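Here's the structure, in structure tokens; my notes come after.
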Amino acid sequence: MKAINTMRLCFDSRSANESFARTAVAAFLCGLDPTVEELTDVKTAVSEAVTNCIVHGYREKIDKVYITANIYSDNRIVIKIKDKGCGIEDVKKAMEPLFTTAPEEERAGLGFAVMESLMDKVKVFSQPQKGTTVVLEKRIVSKGENNVHNSRE
């Protein structure tokens with residue numbers, strides 16, 4: 001299925017940019033007329049994924065975080081959040097609740113669990129020393145059910 005709307009972002013992996021990322025994705029999502037809860041779910045999942053890029057992917061260095069978001073005619077949004085950082089050795093282990101690679105920073109290890117609880121699908125692709133891509137997917141089933149079809153040009 002081809003996307004009916006697409007956006008791309010690239011920004012520095014600074015913690016100050018986490019709020020920028022979630023706000024930009026939320027603004028893009030507004031075309032589907034989500035409920036406040038749906039919007040909050042997506043913003044929180046994006047925040048968790050971007051924070052993982054900043055804290056775990058790049059650790060102590062500044063590099064780029066990439067986000068691509070696509071809206072489809074069935075009111076689905078698919079968001080890809082990517083870094084080119086250190087990667088994850090064992091994705092399955094990393095997705096277990098309470099697992100963290102940064103216990104000294106008092107990280108709870110709940111980022112992936114939070115993402116999975118808020119989104120319809122979460123996929124993680126990673127290669128050590130090459131980076132990680134998190135794919136978040138959610139269908140907006142609220143009041144915007146027909147808005148995508150009515151707003152096409």
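Coordinate-derived values only; no laboratory data. Nothing here was measured: the structure is a model prediction, and the numbers come from that model. Ideal geometry is used to build each Cβ from the backbone, glycine not excepted, and the neighbour counts take in all protein chains shown.
A few points about this structure:
- Listed from fewest to most Cβ neighbours within 10 Å, the set Cys86, Cys53 follows the order Cys86, Cys53.
- Under 5 Å from the amide H of Ile4 lie the amide H atoms of Ile71, Tyr72, Ser73, each residue being 5 or more positions distant or on a separate chain, with H modelled from the backbone and absent for Pro and chain starts.
- Normalised convex hull volume, region 4-52, alpha-carbon set, Å³ per residue: 69 Å³
- Label-to-label distance, Val141 versus Lys92, with points set 7 angstrom from Cα along the beta-carbon direction: 3.0 nm.
- Size estimate for region 5-141 follows the Kirkwood approach: the inverse of mean 1/r over distinct Cα pairs works out to 14.9 Å.
- Sites Gln127 and Ser73, calculated FRET efficiency, Cβ-Cβ separation with R0 35 Å, nearest 0.05: 0.60
- Region 26-32 - phi-based ³J(HN,Hα) in whole Hz, Karplus 6.51/-1.76/1.60, Gly and Pro as x: 4, 4, 5, 5, 4, x, 8
- Segment Phe11-Ala27, length gained on full extension (0.36 nm per residue, minus Cα span): 4.1 nm
- In this structure, the amide hydrogen of Asp120, modeled 1.01 Å from its nitrogen in the peptide plane, lies closer than 5 angstrom to those of Glu137, Lys138, Arg139, counting only residues at least 5 positions away or on a different chain.
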